[in-house]
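Pasting a structure here, questions to come.
The values are calculated or read from the model by the stated rules, or taken from the named source; none is laboratory data. Remember, predicted model here, so these are calculated numbers, not experimental data. Note that we place each Cβ from the backbone using ideal geometry, even for glycine, and neighbour counts take in every protein chain shown. Ligands, DNA and RNA are excluded from the accessible area calculation, which covers all protein heavy atoms including side chains. Shrake-Rupley method; radii C 1.70, N 1.55, O 1.52, S 1.80 Å.
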Amino acid sequence: MIQNSSAIGQQFLTNLDLLQQQMAQTQEQVSSGYRINHASDDPGNLSYVLQLESDLGHVTQISNNLTSVSGEVNSAETALENATSLLQQANSLAAEGASTTVSASERTGLSQQVSEILSELVSAANTSFNGQYVFAGDETTTAPYQLDSSSSTGVDQLVTAPAPRLIQDATGVTFAVSLTAQQIFDSQNSSGTPDASNVFAAVNGLATALAANNQAGITAAMGSLQTAQTYLSQQLQFYGGVQNQIANATDVAQKFQLQDQTSLSQVRDTDMASASVALTQEQTSYQAAVQAEAALPKTSLFNYLANG
């Protein structure tokens, strides 16, 4: 009985092709480090892998956001420390100007120094980090204040009622990471006028009293400066609390990252030892099959009949 050599050869080629595909898949798993590279590799776990990848991407972005915000908070904290130091300098100048032995011209000179302090406080209010104003709330591209000698506070507000900056942690909870320049330096009462804690008003009031050689005004300004300095110290404490919140949120985010990475690795990553053994076996089988195919007789039906 003559076997259908064509059918046998076709089946052999089909099996050889399947072996090549399996070998290519195993090679990809070894080179990529992933057991699942295509939907067809493991349809049952595909949706789980995609969900884990999405979760990991989300928590990684949160972790990156927290790192960036930590830099902003550091800048804000440094700016407020400098502002506190500036108010201390203003207090010293006020004490000097309140002395009865100081002349009008000397008070004018002291007034100029206080005006320079006001200018530096405006610069502190306009502190930026990575191109964004840290005290501008949610309007980070606009400087909050500028000097304005015609104003009762000596400054002009450029950003109107900005909302505080918020950030989300890995659990979905949001918290404020900044105060606005108005909250810190330009505190106002319900009628929209400077209140007793207004830093700009206290410093500008001292500069005005010194320039006018107004000793009573200088004494009153000293009290305002003390109130403003106490208030500014309280705002500085806010940023210390924010740093603690960011550190805690970062720790939680990193734990979530590790959890997601571990789960994803368990499902998606290649078992390199097993895959390497499988690849070696597949390569050996492929080579043996090719050698066996080469050893098969190449006799056609015509040759068989002719030789018969």
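Keeping all protein chains in the complex and leaving out DNA, RNA and ligands, what accessible area do you get for ARG35 with a 1.4 Å probe, in Å² to the nearest 10?
Number for this one is 80 Å².
While we're on this one: For a Förster distance of 30 Å, can you work out the FRET efficiency between the beta-carbons of SER123 and GLN215, rounded to the nearest 0.05? Write down the numbers at each step before the final one.
Numbers: r = 30 Å, r/R0 = 0.99.
It comes to 0.50.
Then there's this: Rounded to a whole number, what is D in µm²/s for region 89-215 from Stokes-Einstein with the Kirkwood radius over alpha-carbon pairs (20 °C, 1.002 mPa s)?
Answer from the Stokes-Einstein relation: 134 µm²/s.
Using θ = phi - 60° and the Karplus relation 6.51 cos²θ - 1.76 cosθ + 1.60, list the HN-Hα couplings for region 67-78 in order, rounded to whole Hz, with x at every Gly or Pro.
Coupling constants for region 67-78: 5, 5, 5, 4, x, 5, 5, 4, 5, 5, 4, 5 Hz.
When the accessible area of region 100-152 is computed with all protein chains present and a 1.4 Å probe, what percentage of it is carbon and sulfur? If you can, show how the numbers build up before the last one.
Details: 1160 of 2730 Å².
Exposed carbon and sulfur together represent 42 percent of the surface.
Taking amide H positions as placed in the peptide plane 1.01 Å from N, state which residues far from VAL155 in sequence (5 or more) or on other chains have amide H under 5 Å from it.
Placed amide hydrogens put ASP148 under 5 Å from VAL155.
Ignoring everything but the protein chains, give the 1.4 Å probe accessible area of PHE200 in square angstrom, nearest 10.
0
Net charge within 14 Å of TYR133 by Cβ-Cβ distance, Lys/Arg positive one each and Asp/Glu negative one each, not counting TYR133 itself?
Combined, the nearby Lys, Arg, Asp and Glu give -2.
Suppose R0 equals 51 Å; then what is the FRET efficiency for ALA161 and GLN259 from their Cβ-Cβ distance, rounded to the nearest 0.05? It would help to have the intermediate numbers written out before the result.
Numbers: r = 41 Å, r/R0 = 0.80.
Computed FRET efficiency for ALA161 and GLN259: 0.80.
Compute the length gained on full extension between GLN243 and SER40: take 0.36 nm times their separation in residues and subtract their Cα-Cα distance, giving the result in nm to one decimal. Don't jump to the answer; show the numbers that get you there.
Values: separation 203, 0.36 × 203 = 73.08 nm, distance 4.66 nm.
Here the segment from GLN243 to SER40 would lengthen by 68.4 nm.
Rank these by accessible area, largest first, 1.4 Å probe: TYR133, TYR239. Intermediate values should be presented prior to the final figure.
Values: TYR133 65, TYR239 0 Å².
Greatest to least solvent exposure: TYR133, TYR239.
Contour minus end-to-end for GLU116 and THR67, with contour as 0.36 nm per residue of separation and end-to-end as the Cα-Cα distance?
Working: separation 49, 0.36 × 49 = 17.64 nm, distance 3.43 nm.
Result for the pair: 14.2 nm of gain on full extension.
Still on this model: Take GLN132 and SER233, extend 7 Å from each Cα along the Cα→Cβ direction, and tell me the distance between the two endpoints in nm.
3.2
Show the residues, 5+ positions off or on another chain, whose built amide H is closer than 5 Å to the amide H of SER128.
Those lying under 5 Å, H to H, from SER128 are VAL134.
Let me make sure I get this right: for region 171-245, a, b and c are the square roots of the gyration tensor eigenvalues over alpha carbons, sorted descending. Under 1.5 in a/c it's rounded, otherwise prolate if a/b > b/c, else oblate. Which is it?
Details: a/c = 3.94, a/b = 2.54, b/c = 1.56.
Note, shape of region 171-245 comes out prolate.
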